[in-house]
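The values are calculated or read from the model by the stated rules, or taken from the named source; none is laboratory data. Since the model is a prediction, treat every value here as computed from it, not as a measurement. All Cβ positions, glycine included, derive from the backbone under ideal geometry; neighbour counts span all protein chains shown.
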Amino acid sequence: MLQILPYLYALIVLSGGIYLTLLGFKIYKPRLKSPEEQEKMNNWHIKFGSFAKYGGIALTLWGVINLTNSDLNPFNFEKHVVTNNWTQEKKDEMKHQVIQSSNYLQSLHPDTANLIVSCFVEKYTNKFTIEDSKAQEKMNQEQVLELTMPLFKESLDEFGIKTK
């Protein structure tokens, strides 16, 4: 449903812009029943006609732009998603910390430990943002392990190392 919102927004803006342009240039004339309604429409056109022309054209163009370029659309929720801003330096620092904090990894061959930890760090950085990581620093060790152990076990399984 949320994927439809940017297009729905663009179509509403586009159709509103076309309608306003047609009213401003007097191409579309609404059916008016009484002479008073016709007088009101003439007064409206005198007061807002030039705004309707230029505003309608601008709205139409904005609708077309939003249909073709979803980055400008305020309802494009994908652009508002926080991106993972893990740099390679931060990943390397995390690898070092993980190896230093685990007696098991230190007991493995350095190349094997590096492969496992690289896999874990990749999985971790894809799942959690830096803000999530900072929030985890405030958690107790059991809570952090509950979040990270499944990723670590997946990494071990990828390299054929059995876990209990």
Quiz prompt | Trp62 being within 30 Å of Val144 (Cα to Cα), modelled with pLDDT of 85 or more and of a type in the set (Phe, Trp, Tyr) | solution = no
Quiz item: For segment 73-88, does any single residue satisfy the condition of being outside any helix (DSSP H, G or I) and modelled with pLDDT of 85 or more?
Solution: yes
Quiz item: Name the residues in segment 21-43 that are under 27 Å from Tyr9 (Cα atoms) and hydrophobic (A, V, I, L, M, F, W, C), would you?
Solution: Leu22, Leu23, Phe25, Ile27
Self-check item: Out of Tyr9, Tyr19, sole residue that is touching a residue at least 60 places away in the same chain (Cβ under 8 Å), surrounded by 15 or more Cβ atoms within 10 Å (Cβ to Cβ), part of a helix (DSSP H, G or I) and of a type outside the set (Gly, Ala, Ser)
Solution: Tyr9
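Which of the residues belonging to segment 85-116 are in contact (Cβ under 8 Å) with a residue 24 or more places away in the chain and not charged (D, E, K, R)?
Those that are in contact (Cβ under 8 Å) with a residue 24 or more places away in the chain and not charged (D, E, K, R): Asn85, Trp86, Met94, Thr112, Leu115, Ile116.
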Exercise. Under 7 Å between Cβ atoms, at least 6 apart or on separate chains: pull out the pairs that start in segment 126-149 with a residue that is closer than 22 Å to Thr87 by Cβ and in the same structural domain as Ser101 (by TED's automatic domain parsing) and end on any residue that is of a type in the set (Gly, Ala, Ser) and assigned to a helix (DSSP H, G or I).
Key: none
Practice problem: Please work out if Lys26 is in a loop (DSSP other than H, G, I, E, B) and modelled with pLDDT of 90 or more. | Solution: yes
Practice problem: Just give me the residues in segment 89-134 being among the hydrophobic types (A, V, I, L, M, F, W, C), closer than 18 Å to Glu146 by Cβ and in a helix (DSSP H, G or I), in sequence order. | Solution: Val98, Phe120
Quiz item: Just for segment 108-128: of the residues that are surrounded by 15 or more Cβ atoms within 10 Å (Cβ to Cβ) and among the polar types (S, T, N, Q), which one is farthest from the chain's Cα centre (by Cα)?
Solution: Ser118
